[in-house]
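A.B. asks: Starting off with a structure, shown below.
The values are calculated or read from the model by the stated rules, or taken from the named source; none is laboratory data. Here the structure is a predicted model, which is why all the values come from computation and not from measurement. No Cβ is skipped: glycine too gets one built from the backbone with ideal geometry, and neighbour counts run over all protein chains shown. Calculation scope for accessible area: heavy atoms of the full protein, side chains included, ligands and nucleic acids excluded. Shrake-Rupley method; radii C 1.70, N 1.55, O 1.52, S 1.80 Å.
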Amino acid sequence: MSLCGAAAAVAQTARPNIVLIYADDVGYGDLSCYGAKAARTPNLDGLSAKGLRFTDAHSSSATCTPSRYSMLTGEYAWRKKGTGVLPGDARLIIEPGRYTLPAMLQKAGYKTGAVGKWHLGLGNGNIDWNGEIKPGPLEIGFDSAFLLPATGDRVPCVYVEDHRVVGGDPADPIRVDYSKPIGDEPTGKKNPELLKVHPSHGHDMAIVNGVSRIGYMTGGQAAQWVDEDMADVLTAKALAFMETNRGGPFFLYFATHDIHVPRMPNKRFAGKTAMGPRGDAIAELDWCVGQVLDKLDKLGLAGNTIVLFSSDNGPVVDDGYKDDAVEKLGEHRPAGPWRGGKYSNFEGGTRVPLIVRWPGRVKPGVSSALVGQQDFLASFAGLTGQAIPGGAAPDSTNLLEALLGKSRIGRRHIVEHARALSYREGEWKMIAANDGPKVNANTNTELGTGAAAQLYRVSKDPHENVDLAARFPERVRNFSEKLAKIRESGRSR
Ligand code: NG6
Ligand code: CA
């Protein structure tokens, strides 16, 4: 019996290529396949029409670093200190040698590549940007990497390939400082006349390519990126990775810069929407997706490749630059039906688009299964027949059946993370008590803050308008206990 079972399990495992396109700050309502009218995303709509579109998929957190940490390690980031939004000179926060999504796939025989936004730190805490930059992605399971080290709005504004800055010049060394200006270099604060886009809050330090950033940097003139070309540069690297590894199997983690600030899409996309740069960045993102899908077709790999598309957190309109996003938003609802957005404990913080396409294996449609990005690790371990070592990926659940559309049942519960933790189970959601401002004064996002725990029946009240905590104190107590247990046990799988 057990031999038969093992044989059956092996027969069911497979090693398709996996392409994970991970967008930045794209909200549930930002894509036309999720209902957007003011932005058209034909390539993503096509992916969705041929794939499975999820309506209850979540990033683990309402900001970037913790979501990426959770997705790559299968551990809720809030378990570990130091996993909040990182500065560009932060040390690597995933321990080298750790069992991660790419390391697991390496063991399964995959070539693994990271292209795009990293934001998980690099080095050991004192990086020399002119020398060897490690540890980084290559030490946690990627065979190759072409990175934007932190965010588009943080220094250093250079690409890092494997262990080195691309185009670095020993005669023009790069220096980075997050605490004070370096020499008398111009800054956004002192020299607004040098800027082509002005900050609305923060972002008034080093000026690179006419845009002031978070943090100070000098040097590396020849290495500095051009924001308007970034989508082209990253997409070309993503396509080259697939081409090189066409013999497969490969895992491509393509983390776009779009649609994070500064939103500076290539001029080809200017005016593609009536929403200004934020809308045009959505058009640019959709183009990147189209390029990846075309390449898979050209390489004859589409049928043997799972393509996933998702986002690292919910949407934000004004995230620090005067780029007309607020003025030109019109009727567009970046978070779709959900309340809040990036930074928020309301659903808008973590309920993000997720599309999964695997021709012939995933039946096109829509799924309401509750899934988290931290589940990719255990799910793809299941797919490729990898056993997860004890203690690894403590919050990753094998949801392969749900991800492939064979089951409508996803997680029984999920913890959502922003300022506080929220506990979702079935139709219900509790936001744990948390102090602080109700609204992020910079971005104008409702944060879901409350001195007492809040309870919402999300199925009937998707916008989380009616707090039912006082009516159902038992449920609040029960959910608080379950959340405490998940915290204390160090695992939820
Ligand atoms: C915030 C930045 C915001 C953005 C965010 C990280 C300010 C005032 N705001 O601190 O612009 O960079 O961090 O975004 O500096 S994330 O998507 O990478 O999490
Ligand atoms: Ca983000």
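A.B. asks: Looking only at the range 173-188, decide whether some residue is surrounded by 16 or more Cβ atoms within 10 Å (Cβ to Cβ), touching a residue at least 24 places away in the same chain (Cβ under 8 Å) and basic (Lys, Arg).
C.D. replies: For the range 173-188, residues surrounded by 16 or more Cβ atoms within 10 Å (Cβ to Cβ), touching a residue at least 24 places away in the same chain (Cβ under 8 Å) and basic (Lys, Arg): present.
A.B. asks: Separate question: Let me spell it out: the conditions are (1) open to solvent by 20 Å² or more (accessible area, probe 1.4 Å); (2) more than 16 Å from Arg339 (Cα to Cα); (3) among the β-branched types (Val, Ile, Thr), and Val439 meets all of them except one. Which number is the exception?
C.D. replies: (2)
A.B. asks: Still on this structure, please answer the following. On the basis of being more than 16 Å from ligand 1 (Cβ to nearest atom) and of a type outside the set (A, V, I, L, M, F, W, C), does Gly152 make the cut?
C.D. replies: no
A.B. asks: Condition first: touching a residue at least 40 places away in the same chain (Cβ under 8 Å) and either in the same structural domain as Ile133 (by TED's automatic domain parsing) or part of a strand (DSSP E or B) (or both). Now tell me which residues in the range 189-209 satisfy that.
C.D. replies: Matches in the range 189-209: Val197, Pro199, Ala206, Val208.
A.B. asks: Filter the range 304-326 for residues that are more than 16 Å from ligand 1 (Cβ to nearest atom) and open to solvent by less than 20 Å² (accessible area, probe 1.4 Å); which is farthest from Gly372 (Cα to Cα)?
C.D. replies: Thr305
A.B. asks: Just wondering, is there one or more residues in the range 426-442 that are out of contact with any helix residue (DSSP H, G or I) (no Cβ under 6 Å at 6 or more places or on another chain) and within 16 Å of ligand 2 (Cβ to nearest atom)?
C.D. replies: yes
A.B. asks: Another question, then. Consider Leu252 carefully, then state whether it is more than 16 Å from ligand 1 (Cβ to nearest atom) and assigned to a strand (DSSP E or B).
C.D. replies: Yes, satisfied.
A.B. asks: For the range 393-491, list the strands (runs of 3 or more DSSP E) that sit wholly inside it and hold at least 3 residues that are closer than 18 Å to Ala335 by Cβ; which are they?
C.D. replies: Here the list reads 413-417.
A.B. asks: Does Phe142 count as touching a residue at least 12 places away in the same chain (Cβ under 8 Å), assigned to a loop (DSSP other than H, G, I, E, B) and either more than 16 Å from ligand 2 (Cβ to nearest atom) or open to solvent by 10 Å² or more (accessible area, probe 1.4 Å) (or both)?
C.D. replies: yes
A.B. asks: Sticking with this structure for a sec: Does the range 66-74 include one or more residues that are under 16 Å from the mean Cα position of the chain (by Cα) and more than 16 Å from ligand 2 (Cβ to nearest atom)?
C.D. replies: yes
A.B. asks: Does the range 214-234 include one or more residues that are among the aromatic types (Phe, Trp, Tyr) and under 18 Å from Ile182 (Cα atoms)?
C.D. replies: yes
A.B. asks: Another question, if that's okay. Would you mention how many residues in the range 53-73 are open to solvent by 10 Å² or more (accessible area, probe 1.4 Å) and away from ligand 1 (no atom under 13 Å from the Cβ)?
C.D. replies: Number satisfying all stated conditions: 3.
A.B. asks: Another question about this same structure. Suppose we filter Leu329, Leu301, Leu354 for residues that are away from ligand 1 (no atom under 16 Å from the Cβ) and open to solvent by less than 10 Å² (accessible area, probe 1.4 Å); which single one remains?
C.D. replies: That would be Leu354, the only listed residue that is away from ligand 1 (no atom under 16 Å from the Cβ) and open to solvent by less than 10 Å² (accessible area, probe 1.4 Å).
A.B. asks: May I pose another question? Restricting attention to the range 107-121, does a residue exist that is within 16 Å of ligand 1 (Cβ to nearest atom), crowded, with 24+ Cβ neighbours inside 10 Å and without any contact (Cβ under 8 Å) to a residue 24 or more places away in the chain?
C.D. replies: Within the range 107-121, not a single residue is within 16 Å of ligand 1 (Cβ to nearest atom), crowded, with 24+ Cβ neighbours inside 10 Å and without any contact (Cβ under 8 Å) to a residue 24 or more places away in the chain.
A.B. asks: Could you list, in sequence order, the residues of the range 223-243 that are in a helix (DSSP H, G or I) and either open to solvent by less than 40 Å² (accessible area, probe 1.4 Å) or not assigned by TED's automatic domain parsing to the domain that holds Gly113 (or both)?
C.D. replies: Hits for the range 223-243 are Ala223, Asp227, Met230, Ala231, Leu234, Thr235, Ala238, Leu239, Phe241, Met242.
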